[in-house]
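These notes are about the structure you will find just below.
Read the figures in this text as sums done on the coordinates, not as results from a lab. In this text the structure is predicted, and so the values were computed from the model without any measurement. Glycine also receives a Cβ, built like all others from the backbone with ideal geometry; neighbour counts cover every protein chain displayed.
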Amino acid sequence: MGILSDVKTILDGLNIPCETGTMSDLAEDTYCVLVPIAESSLWGDDTIDTNVEECMISLYTKGNYITVKTNIIKALLEGGYTITDRRYIEYESTTHYYHYEIFVEHPYAFAEEEQNNESEEN
């Protein structure tokens, strides 16, 4: 599992539809788009120990964005995620959506097969 699938599971639990990159279906009154931002590694004993994955959650809602973003942030924090940034972007007058972004990161154990593949590439 990775951050995109894990965050999608959290948003599904809040009944907020989401996809990665863009919404392929007709957008509902509230939805999220997930965008992978970064992946970094933590090293120990000359080997990668942990991957830290980061993604941006773009929230779009025609309702009260404050309530929705608060519920998302609360669920992420309860799930052990780190919120690195939050930004109100704009009210989109042509679509009537409020746009809000949440940046989140989470550490994942570095898989042995990933480590072997990196060694073979070098």
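Things to note:
- Neighbour counts of other Cβ atoms within 10 Å put MET56, MET23 in the fewest-to-most order MET23, MET56.
- Which of ILE57, ILE16, ILE37 has the fewest Cβ neighbours within 10 Å, and the rest in rising order: ILE37, ILE16, ILE57
- Residues of segment 14-30 with amide N under 18 Å of the 7 Å Cα→Cβ point at ILE73: 14
- The calculated FRET efficiency for LYS62 paired with THR9, based on their beta-carbon distance and R0 = 25 Å, is about 0.55.
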